[in-house]
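First comes the structure, then the notes that go with it.
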Amino acid sequence: MWTLFYASISLSSSFNYHEGPMTMHSNLGMMLILLAVLISLLSMLLSVSIKNMTYRNSILALTLVMVLCFCTHNLFFFYIFFEVSLIPILYIIITWGYQPERLQAGTYLMLYTVCASLPLLVSIMFIYYLYGSLNYFMIKISIISVDHWLLYISLLVALLVKIPIYVGHLWLPKAHVEAPLAGSMILAGLLLKLGGYGLYLMFYLFEFNCMSMNMYLISMSLWGGLLASMICLSQVDMKSFVAYTSVTHMSLVLAAFLMNNLWGVMAAKITIIAHGYTSSLMFAMVAISYMKSGTRSMIINKGFLVFYPIISLMWFMSLVLCMAAPPSLNLVGELMFVPSFMDFSYLLVVVLGMMMFMSAVYSMYLYTSLCHGTSNKLLSPNIEWSSANLLGISLHFVPLLLILNMHYFMVYYVVCYVNMYNKSIMMFLLYKSTVLI
């Protein structure tokens, strides 16, 4: 545990790292590697009841593929690992899923992601034909300009479905509902981050001149995220509920990357890391609640505060992190979305405010539904809280100590950007960041 503590403190300074073409190991890639290792270890810790070695080997294989994807320097190998990551997660869902509908969920997962990835492969081959190299460094120094909307969409469509954008999200709730605990944790905590990391790479390596197309995608992303947050309030299955919260949060990441300004990119980086831990934590809490009651229905799960006060406390802390309340890492990311959206359009700040409000609403709705109300007879107070579950849930909170060094990060980027924004806005954000820390 202390190793995780010191790792989280030391790696928090990597947010200050400024990438250049000579240093292609980005800070986001290093943080995602740490995220992949931690989430995989925690998923195996929380799945101690499954003794099958094939299950654990599948998780380790998926972790290895993810680490290779974040480490590679070649665009073609990025695509290969991007696609190979589907094989272990599909095997986990189909083999250890809960219901017969897992076959349909696996079909949705493969059809959406593989079909959307084919244009990306064609675009990569086209870039290799024109420039003769797919190395990140060579692409960066070549200053490749993407002017045609067809090439632009071909490069991004696989990442938009992976992240996912609202219209391409239908595979995500189905996959989450049918996946076992480790499958849901890795799917939400890691696989969705492949889309965010891919967007970061594309906007870093290429010069896109399709801002008119960006306006449509940003609008679709934000309004889709707002609709997804409203859909959360109509969900009955807890896994489906958490899956739609992922769509909401990742839509902000997508919009920030599409704006392609400094504040937006840094806000997206922080939100990607924070969402990786919080979404994994919430799926772990859903699984533990399912162990206690035997159902994921929010109609049946009531009165946890009476029988399981520790679970109620953990649910409260998880949902506080989900709604980006202080002192969570999500709060810093959402604060940095504000100047990014203001730089693009003041109207987008209104949509951002509505999404923040809805995030608080559905988080409080889930907590009151589970922890308050008349207790159901299906709940058994005799079921003990295992030490593995308590340790696995508690270790999810350790990376939030990244916020202890966040003041260095905030001061650094405020100083760098002070000449591009109004000084009054900069001093206000600097003051708010120091107060929060």
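Summary of values
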item: Positions within region 129-142 being surrounded by 13 or more Cβ atoms within 10 Å (Cβ to Cβ), part of a helix (DSSP H, G or I) and in contact (Cβ under 8 Å) with a residue 24 or more places away in the chain, in sequence order; result: TYR136, PHE137, ILE139, LYS140
item: Pair list, Cβ under 6 Å, 6 or more apart: region 298-320 residue more than 19 Å from LYS239 (Cα to Cα), other residue among the hydroxyl-bearing types (Ser, Thr, Tyr) and not in a helix (DSSP H, G or I); result: VAL306/SER375
item: Qualifying residues in region 156-202 (those that are charged (D, E, K, R) and in contact with a Gly (Cβ under 8 Å, 6 or more places away or on another chain)) - the one nearest to TYR277 (Cα to Cα); result: LYS193
item: Spans of helices (runs of 4 or more DSSP H) in region 284-383 with at least 1 residues within 18 Å of the chain's Cα centre (by Cα) and surrounded by fewer than 21 Cβ atoms within 10 Å (Cβ to Cβ); result: 309-322, 329-344, 346-371
item: Among (1) farther than 30 Å from ALA388 by Cα; (2) under 19 Å from the mean Cα position of the chain (by Cα); (3) of a type in the set (S, T, N, Q), the one test that THR271 misses; result: (1)
item: Residue in region 252-260 that is within 14 Å of ILE393 (Cβ to Cβ), in contact (Cβ under 8 Å) with a residue 12 or more places away in the chain and small (Gly, Ala, Ser) present; result: no
item: So LEU155, is it within 15 Å of GLY198 (Cα to Cα) and in contact (Cβ under 8 Å) with a residue 60 or more places away in the chain; result: no
item: Flag for LEU391 being of a type outside the set (Asp, Glu), at pLDDT 85 or above, over 24 Å from GLY225 (Cα atoms) and touching a Leu at 6+ places or on another chain (Cβ under 7 Å); result: yes
item: Qualifying residue in region 232-241 (condition: of a type in the set (Phe, Trp, Tyr), more than 19 Å from PHE341 (Cα to Cα) and crowded, with 19+ Cβ neighbours inside 10 Å); result: yes
item: Failed item in (1) of a type in the set (Ser, Thr, Tyr); (2) free of Cβ contacts under 8 Å to residues at least 60 places away in the same chain; (3) farther than 23 Å from MET185 by Cβ, with SER387 passing the rest; result: (3)
item: Residue selected from region 261-283 under the condition assigned to a helix (DSSP H, G or I) and among the polar types (S, T, N, Q), by the criterion surrounded by the most Cβ atoms within 10 Å (Cβ to Cβ); result: THR278
item: Conditions (1) under 17 Å from ASN330 (Cα atoms); (2) surrounded by fewer than 19 Cβ atoms within 10 Å (Cβ to Cβ); number of the one not met by SER229; result: (2)
item: Qualifying residue in region 247-260 (condition: surrounded by fewer than 20 Cβ atoms within 10 Å (Cβ to Cβ) and either closer than 22 Å to LEU160 by Cα or modelled with pLDDT of 90 or more (or both)); result: yes
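The values are calculated or read from the model by the stated rules, or taken from the named source; none is laboratory data. Here the structure is a predicted model, which is why all the values come from computation and not from measurement. Using ideal geometry, Cβ is built from the backbone for each residue, glycine included, and neighbour counts are taken over all protein chains shown.
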